[in-house]
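Novice: This is the structure I want to talk about, given as structure tokens.
The values are calculated or read from the model by the stated rules, or taken from the named source; none is laboratory data. Keep in mind that this is a model prediction, so the values were computed, not measured. Neighbour counts run over all protein chains shown; Cβ positions are idealised from the backbone, glycine included. Remember, those area values only see protein heavy atoms, side chains included, never the ligands or the DNA or RNA. Shrake-Rupley method; radii C 1.70, N 1.55, O 1.52, S 1.80 Å.
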Amino acid sequence: MIADIVIVGGGPAGSTAAYLLSDWGMRVLLLDKDRFPRAKLCGGLLTAKTSALVSRVFGLPSRELDRLSEYIAWSYGLYYRRRPILKDSTEEPFRLVRREVYDAFLLEKAREAGAEVLEGERVVDLDPERAEIRTAKGKVLRAGFILGADGVKSLVRRRLGLSEKVAWKRGLALALEVSVPRGVLPVDEPRIYLGYVRTGYAWAFPRKEDLLLGIGALLSEAGDLSRSFGEFLSDLGIELRKGPRAHLIPFGNFLRRPARGRVLLAGDAAGLVEPLLGEGIFYAHRSGELAARALRLHLEQGHPLEEIYPFLLEQNILPQLRQALKLRGFFFRRAHLLSRNPFRRIWHLLRRPCLDVVHGKRHYFLTRWMSF
């Protein structure tokens, strides 16, 4: 056995778990198929709850998070196609990061805590029963436990047989993204645009030197997403010379029991992305933290891993995801009403509670305060 745990994937979920487990004195080996910094398709928006979690777990003051950020916004905009619904300020900032910079920083924090990191090491096979991993370079690695934090196309999840269910495939979304110079479009705050797709939205996120434009929708309802993206860009007055980049997003296919034997899943690998807004960075960090805590409770107190990890997810993550999933169909199918009176006035009245939900101060149905 070469480590107490092998973590597959060096994104926010894997780095968070590696940092905590190493800090607790465990032998951690973290593998990633890429070398960092590596390109990563993602809007890179950090809500207040994400910033608070990262500050707490990694001990980062807010000024260090500010230095990591490409852009800090104290306002936001909501649109129905070209028509503005709401432009408002926020008491908690939205931080926008470049994932290649953000992820490389977190990976280095895990390394500093004592984790052994192997970059450019692609996993090609997994034996869940023996907690054994084989890499493309011919290495055979055996550990006490394995954490799959290897994204939406997770090999670890597939080897566990957890991604062949119809529900998983129905919950996938497709996102398209392009980057244009900031001067092309005067956008100074993150904006969400409804009305271009049935279950999803388009976005414009400012960064230091460029503007990230994207669109995402549930695959089963996306239709011709490239055409919808073209309509969005045309409305903004933007003509592209090259095609957008595409990536999949888990969008309502979160696994309720992402553990089997000595193997756990976290982040996108477990489908732990919020199924209304599509926020994934927070849930990657949080599930990485909970996976690490579950492993510690298993080793120190003997709690069965297949029971304690789902229990922690149920206590901290899954109720919010279920609520968002229930609300999703209602919201998107009536989004066109938001641009009309009197619904627009109602939305203005609800804007502060809704913003509290986004930043993590409340549940969707406003049943209790949340704490991160």
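Novice: Can you pull out the residues in region 141-155 that are over 27 Å from the mean Cα position of the chain (by Cα) and surrounded by 22 or more Cβ atoms within 10 Å (Cβ to Cβ)?
Specialist: None - no residue of region 141-155 is over 27 Å from the mean Cα position of the chain (by Cα) and surrounded by 22 or more Cβ atoms within 10 Å (Cβ to Cβ), so the list stays empty.
Novice: Look through region 27-40, keep the residues that are hydrophobic (A, V, I, L, M, F, W, C) and out of contact with any helix residue (DSSP H, G or I) (no Cβ under 8 Å at 6 or more places or on another chain), and return whichever of them is surrounded by the fewest Cβ atoms within 10 Å (Cβ to Cβ).
Specialist: LEU29
Novice: To continue, here is another question. Of all residues in region 187-199, how many are more than 20 Å from the chain's Cα centre (by Cα), assigned to a loop (DSSP other than H, G, I, E, B) and either over 18 Å from PHE94 (Cα atoms) or of a type in the set (Val, Ile, Thr) (or both)?
Specialist: Of the residues in region 187-199, 5 are more than 20 Å from the chain's Cα centre (by Cα), assigned to a loop (DSSP other than H, G, I, E, B) and either over 18 Å from PHE94 (Cα atoms) or of a type in the set (Val, Ile, Thr) (or both).
Novice: For ARG159, work out the one condition from (1) of a type outside the set (A, V, I, L, M, F, W, C); (2) within 20 Å of LEU107 (Cβ to Cβ); (3) open to solvent by 30 Å² or more (accessible area, probe 1.4 Å) it doesn't fulfil.
Specialist: Answer for ARG159: the failing condition is (2).
Novice: Given the structure, is GLY59 touching a Phe, Trp or Tyr at 6+ places or on another chain (Cβ under 6 Å), at pLDDT below 95 and either over 26 Å from PRO206 (Cβ atoms) or open to solvent by less than 50 Å² (accessible area, probe 1.4 Å) (or both)?
Specialist: No: the conditions fail for GLY59.
Novice: Something else now. What number of residues within region 128-140 satisfy the criterion of being open to solvent by less than 50 Å² (accessible area, probe 1.4 Å) and either part of a loop (DSSP other than H, G, I, E, B) or without any contact (Cβ under 8 Å) to a residue 12 or more places away in the chain (or both)?
Specialist: 3
Novice: Only one residue in ALA143, ALA136, ALA131 is farther than 26 Å from ARG296 by Cα and in contact with a strand residue (DSSP E or B) (Cβ under 6 Å, 6 or more places away or on another chain). Which one?
Specialist: Being farther than 26 Å from ARG296 by Cα and in contact with a strand residue (DSSP E or B) (Cβ under 6 Å, 6 or more places away or on another chain) holds for just one of ALA143, ALA136, ALA131, which is ALA136.
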